[in-house]
Amino acid sequence: MKTVFEAFPEIVFADATYKLLDSRIPVFVLLVEDGNGQSEIAAIGLLVNELHETLKWFFQTFQKNNPASMNTNVFMTDKDMNERKVINDIFPDAKILICLFHALRTFHREITCDKLGITPQERDQSKVLFEKLCYSDNEEEYQKLYDTLKSFAPAQVMDYFNKNWHPIRNEWVVGMTYNAGNFLNRTNNRLESFNGKLKSVIDSFSNLQEFFEKLFVVLKCLRIERDSKALHIVQKWPTTKFLNAVEEQYFRLLTPYTFDFLKKQLQQKSTIVESTSTDQSCSCAFFRSMKLPCKHIFKKREQESLSLFDPTICDNRWTRNYYTKSHVVFNTLSNDQVQCSSLSITHQPEQRTRCLTSHEKFRKASMYSTKISEILSTVSNDQFHRKIEQLKLIINCWANNKELSIKLLEDDICVLNDYIIEEEVDVEEEVDVEEEVDVEEEDTADIANYKEAYLLNI
Ligand SMILES: [Zn+2]
């Protein structure tokens, strides 16, 4: 949607999805994040292939139809060289970040005993260190880990790493990607989620007519969902009590999505002993990435007896006024109806539990399956096989829609609480790469014969 892109062009997530069309051509999707954290489709292209010239046409057409793209600071992609080179040529001022999931996947695929002639131990050690490098907070931490890598990694691994990863570390080392202002997005999960929805509605290898009919059904559903959340901003008011007047002021200023981040930072300021920030800016990941005041700035302002509420530190894209003025659903409403200042805030009883989307269920379930894998990787061989059999039983029952009850052996009851997973993850401290909903397999065979290409710019 052009209007959404015009208002929120700062970061564009780009990737292709496959096997939707019988002609086997890739469907290229560009997606943005709005001021309330919602994903919006900026463009969809059906490309005959992913060669340089084709991608160039796609991005140039997108640029021509969307002048706001001159304000795009960041593109997030996988590690495809063609795509990255084209984006770099057409948008020379934008930074290109590599999705963390794709970075790890590419490294795992390339660092193998067969490809590099290394031992399994060398391979495993290299992979572990690469993952640590990915999660480095800054250049200093990266350099220390890089020195460690040099101290043990075989020459083949170092050659590969120095050629493909070291020179572009700003594009994939998490702590450094925050400098680009990626709004804490480390992966292309937003895009994977959309592609997952496409695949749940559009049958594999559909013909063009079926594809377009169902594509517009998906887009319509997503728009209804997004518009309903937008209206929620002005129609529904908080169900939680504010701790103080500052919280309430920020709530009035910012979209609900943004306010949740800010509220955490306000509450975490008490954990800061000595702040090294100024009262307006900070070097931490949250401030660099979100362009919002962080816990360090709040601490500093508290120490200097300054008001904790300062709208000038908040990027305009996150404000309610900007959101409502730029959102299509409010176009028919008068300004009086959407001005935050004209609305009163009411405190309501505890929020009801809302239904989770399938993607949210998937992500939540993934946390538990990861925990299970962690536990199983540490048990003895006998225990491992026994527990795998138990898991198979559970999977079989659930897959066949059968219920089962699980009975604890009496002696083990005391350990029940040991494996509770913390579901409220602090974004800054989050360390695990998020799972993708749907892992794409490249399949671009037999596409060279198709001569037409399509671009949707909605
Ligand atoms: Zn900070």
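Summary table below
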| read-out | value |
| --- | --- |
| All positions within region 7-35 that are under 23 Å from Arg186 (Cβ atoms) and not in a strand (DSSP E or B) | Phe8, Pro9, Glu10, Asp34, Gly35 |
| Meets criteria (among the β-branched types (Val, Ile, Thr), touching a helix residue (DSSP H, G or I) at 6+ places or on another chain (Cβ under 6 Å) and under 30 Å from Val32 (Cα atoms)) for Val157 | no |
| Residue tally, condition free of Cβ contacts under 8 Å to residues at least 24 places away in the same chain and near the ligand (Cβ under 7 Å from one of its atoms), over region 284-307 | 2 |
| Residues satisfying the stated conditions in region 19-38, i.e. surrounded by fewer than 19 Cβ atoms within 10 Å (Cβ to Cβ) and touching a strand residue (DSSP E or B) at 6+ places or on another chain (Cβ under 8 Å) | Asp22 |
| Filtered residue count, region 274-333, keeping only those that are among the basic types (Lys, Arg) and surrounded by fewer than 19 Cβ atoms within 10 Å (Cβ to Cβ) | 2 |
| Flag if Asn170 is modelled with pLDDT of 90 or more and in contact with a helix residue (DSSP H, G or I) (Cβ under 8 Å, 6 or more places away or on another chain) | yes |
| Residues within region 236-275 that are under 26 Å from Gly175 (Cα atoms) and touching a His at 6+ places or on another chain (Cβ under 7 Å), tallied | 2 |
| Boolean, Phe261 is under 21 Å from Asn36 (Cβ atoms) and either at pLDDT 90 or above or in a loop (DSSP other than H, G, I, E, B) (or both) | yes |
| Test: residue in region 22-34 that is modelled with pLDDT of 90 or more and among the polar types (S, T, N, Q) | no |
| Residues located in region 100-117, provided they are within 21 Å of the chain's Cα centre (by Cα) and either aliphatic (A, V, I, L, M) or at pLDDT 95 or above (or both) | Leu100, Ala103, Leu104 |
| Any hit, region 284-297, residues being over 14 Å from Gly35 (Cα atoms) and in contact with a His (Cβ under 7 Å, 6 or more places away or on another chain) | yes |
| Any hit, region 60-70, residues being of a type in the set (Ser, Thr, Tyr), out of contact with any helix residue (DSSP H, G or I) (no Cβ under 6 Å at 6 or more places or on another chain) and either surrounded by 18 or more Cβ atoms within 10 Å (Cβ to Cβ) or not in a helix (DSSP H, G or I) (or both) | no |
| Breaking point among (1) surrounded by fewer than 18 Cβ atoms within 10 Å (Cβ to Cβ); (2) modelled with pLDDT of 95 or more, for Leu133 | (1) |
| Checking Gln265 against (1) surrounded by fewer than 21 Cβ atoms within 10 Å (Cβ to Cβ); (2) near the ligand (Cβ under 10 Å from one of its atoms); (3) closer than 21 Å to Gly181 by Cβ, the condition it does not meet | (1) |
| From the options Thr258, Thr271, residue that is among the β-branched types (Val, Ile, Thr), in contact (Cβ under 8 Å) with a residue 40 or more places away in the chain and more than 10 Å from the ligand (Cβ to nearest atom) | Thr258 |
| Some residue of region 204-221 being part of a loop (DSSP other than H, G, I, E, B) and under 30 Å from Leu104 (Cα atoms) | yes |
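Yes/no per residue for (1) basic (Lys, Arg); (2) in a helix (DSSP H, G or I):
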position: Arg123; (1), (2): yes, yes
position: Val128; (1), (2): no, yes
position: Leu133; (1), (2): no, yes
position: Ser136; (1), (2): no, no
position: Gln143; (1), (2): no, yes
position: Tyr146; (1), (2): no, yes
position: Lys150; (1), (2): yes, yes
position: Val157; (1), (2): no, yes
position: Tyr160; (1), (2): no, yes
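The values are calculated or read from the model by the stated rules, or taken from the named source; none is laboratory data. In this text, all values refer to a predicted model and were calculated from it rather than measured experimentally. Backbone-built Cβ (ideal geometry, glycine too); neighbour counts: all protein chains shown.
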